[in-house]
Every structure is written in structure tokens, then in C-alpha cells.
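Some notes on the structure that comes next.
Please treat every number below as a calculation from the coordinates, not as lab data. Predicted model only: the values in this text are computed from it and were never measured. Positions of Cβ are generated from backbone atoms using ideal geometry, with glycine treated the same way; all protein chains shown enter the neighbour counts.
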């Protein structure tokens with residue numbers, strides 16, 4: 001079961017919190033859910049249209065996007081390894097992004113930028129970095145080994161990387177996997193981060209999956225201790241803004 005389930009989703013509600021934190025009536029839920037998807041896609045996939053960087057991502061290095069809704073505003077929390085690329089000189093780019101999101105949703109947006117200090121331990125960022133190097137025609141085995149070495153140097157307990165597609169320009173697609181250390185996918189107390197990315201190369205798309213074992217959750221993070229005893233409290237220990 002652990003190999004077929006997203007490790008992050010498997011732990012949501014037990015050790016991990018939700019990335020969208022709000023409440024809505026049933027008739028509005030679908031609309032707000034689609035709106036969250038639009039916000040995330042706009043930030044993650046928006047590309048520069050003019051200038052020297054044309055075609056590149058406008059906001060690179062985005063690890064995760066959390067969304068909180070209140071009656072008056074939508075709070076968007078962007079965690080990135082390159083905050084300067086989003087904030088810009090004097091906060092100009094952040095103001096522009098906030099205005100663009102307000103035009104996209106028609107709601108008041110409160111944008112907050114947070115820095116990810118260890119991008120080597122964030123599976124999504126590692127997968128995207130591998131994809132960028134594959135697009136530049138780097139050797140896939142060398143890229144995988146380098147990514148695993150960087151993660152273990154930063155304290156990862158285990159790393160697994162899997163590539164699928166026409167690797168090395170081969171005519172037939174295949175799957176290549178490398179791993180180091182321990183990746184206990186079904187152990188809930190193990191903090192397993194998962195990331196997926198598609199690299200678009202000349203021969204086709206290369207699917208990149210990354211699992212990183214960041215150790216174990218602490219008792220203060222969540223309801224894990226109560227969940228193990230089978231006595232999860234009715235009232236959550238973490239209070240989310242709504």
C-alpha cells in the first residue's frame with residue numbers, strides 16, 4: 001500500500017496539515033477548490049513573456065503554496081528557495097504578483113513569502129532541479145547520484161529517485177531507479193517528502209519521482225501520539241485560521 005499512495009497525502013490529518021485551510025458551504029466548495037488550483041498553477045507555471053528571460057519560470061524554486069481563507073481575504077503563503085526572485089527589488093515583483101492574483105480571483109489577496117532554507121531536502125525542488133538538468137542534456141545517472149549525495153549531506157536518512165521515459169535518448173522507454181538509506185513508506189511517524197516533475201526533452205517527457213526521508217516527526221508537530229494509541233482527540237491540537 002505504501003508504494004501506491006502519495007506519502008504526503010497518506011499522512012495528512014495524522015502528521016501533516018492541509019495545504020488549503022478554509023471552510024465553505026457545499027454550494028461554494030467546488031468553486032473555491034478550482035480557485036485554489038488556479039492560484040497554484042498561476043504561481044508555479046507562469047512564465048516570462050518578454051525580455052532576456054523569456055520562456056523561463058517567473059517564480060522559480062517554489063516548494064509549496066498554502067492557502068487560507070477568511071471572510072475578507074485570501075491569504076497565500078508561498079514557501080520558496082529563492083525568495084528574492086519573487087519579492088524583487090523593493091518588493092515590486094511581490095506587489096505585481098499580488099495584484100495579478102487579485103485580478104485572477106476577484107478577491108483581496110494577502111501574499112506572504114517564506115524562505116525554504118534546505119532546498120536539498122525538499123523532494124519537489126529536487127525533482128524540478130533534476131528536470132532542469134535533464135533538459136540541458138546532462139547524464140541522468142550522474143544527476144541522480146549528485147541529487148542523492150546533496151540530500152544525504154544535508155541530513156536525509158534516505159533518498160529514492162525514479163526516472164521513467166526515453167532515458168538517454170533510447171528508442172524504448174524504461175524505468176531507472178536509485179536509492180540510498182531507508183525509505184519506510186508505510187511508517188507514519190517517518191517524515192517522508194514526495195515530489196513529482198515532468199522534464200520535457202527532445203525525445204519526449206521524462207517522469208521524475210523523488211522520495212526523501214527527513215527523519216521522524218516530533219511529538220509537538222501533530223496528533224501522532226494520540227493516533228498511535230487509537231484515541232485521536234475530537235478537538236484538533238492545531239488551530240487553523242479560517
Could you calculate the contour length gain from residue 198 to residue 85, that is, 0.36 nm times the residue separation minus the distance between their Cα atoms, to one decimal place in nm? 38.4 nm
Volume of the Cα convex hull of the stretch 34-97, divided per residue and given in Å³: 97 Å³
Using r as the Cβ-Cβ distance of residue 150 and residue 71, and R0 as 45 Å, what FRET efficiency do you calculate, to the nearest 0.05? 0.55
Extension gain, residue 182 back to residue 164 (0.36 nm per residue minus Cα-Cα distance, nm): 4.3 nm
Give, to the nearest whole percent, the P(r) tail of the stretch 7-115 beyond 16 angstrom, counting all Cα pairs. 63 percent
Evaluate 2.2 N^0.38 Å with N set to the residue count of the stretch 119-216, then give the Cα radius of gyration divided by it. 1.04
Relative contact order (%) - the chain, alpha-carbon pairs under 8 angstrom, separation at least six: 19 percent
What distance in nm separates the simple spin-label points at residue 175 and residue 5, each placed 7 Å from Cα in the Cβ direction? 1.9 nm
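If you take the beta carbon distance between residue 50 and residue 30 as r and set R0 to 41 Å, what does 1/(1 + (r/R0)^6) give as a FRET efficiency, to the nearest 0.05?
Details: r = 35 Å, r/R0 = 0.86.
Efficiency at R0 = 41 Å is approximately 0.70.
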For Kirkwood radius over Cα pairs in Å, one of [x] 19.8; [y] 17.8; [z] 19.1 was computed from the structure I shared and the rest are decoys. Which label? [x]
Give me 58, 164 ranked fewest to most by other Cβ atoms within 10 Å of their Cβ, as a rough exposure proxy. 164, 58
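For residue 92 and residue 136, FRET efficiency with R0 = 35 Å and r from the beta-carbon atoms, rounded to 0.05? Mind dumping the intermediate values first?
Values: r = 30 Å, r/R0 = 0.85.
For R0 = 35 Å, the calculated efficiency reads 0.75.
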